[in-house]
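J.: This is the structure, below, for whatever I ask next.
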Amino acid sequence: MKMDFPTGVLQRELEVRALDELLKELRREEFTGVIKYNNQKTGNLLVIGGEIRSATYGEQGGDEALERIWNTVEGTLSVYSLERER
């Protein structure tokens, strides 16, 4: 079973190698939304108020999923904003 978070408005797309800098920027902005990772498998990072609250990668979830996304070297990230209420 693959879990997928809801998405709002697409803000931008970038390479997964930029994840560290992206997360720093989103933390400063207190961003709320979803970062979708796409390559051979897909993953999701749910970010609320600039902090990662949940992660999925294929069939995995939590810290294991976050580690898999964090350690990938290829793929794209799509950043979607959400209203905090969602």
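J.: Could you state the accessible area per residue of the chain in Å², with a 1.4 Å probe and every protein chain left in place?
T.: Result: 63 Å² per residue.
J.: Then there is this: Go through segment 24-31 residue by residue and turn each phi into a ³J(HN,Hα) via Karplus (6.51, -1.76, 1.60, θ = phi - 60°); whole Hz please, and just put x for glycine and proline.
T.: 4, 5, 5, 5, 4, 7, 6, 4
J.: Now, a different point. Quick query: amide H of residue 31 versus all other amide H atoms, modeled in the peptide plane; which residues come in under 5 Å with a sequence gap of 5 or more or a different chain?
T.: Counting only residues 5 or more places away or on other chains, the set is 50.
The values are calculated or read from the model by the stated rules, or taken from the named source; none is laboratory data. Being a predicted model, the structure only gives us computed values, none of them experimental. SASA here: full protein model, heavy atoms, side chains in, ligands and nucleic acids out. Shrake-Rupley method; radii C 1.70, N 1.55, O 1.52, S 1.80 Å.
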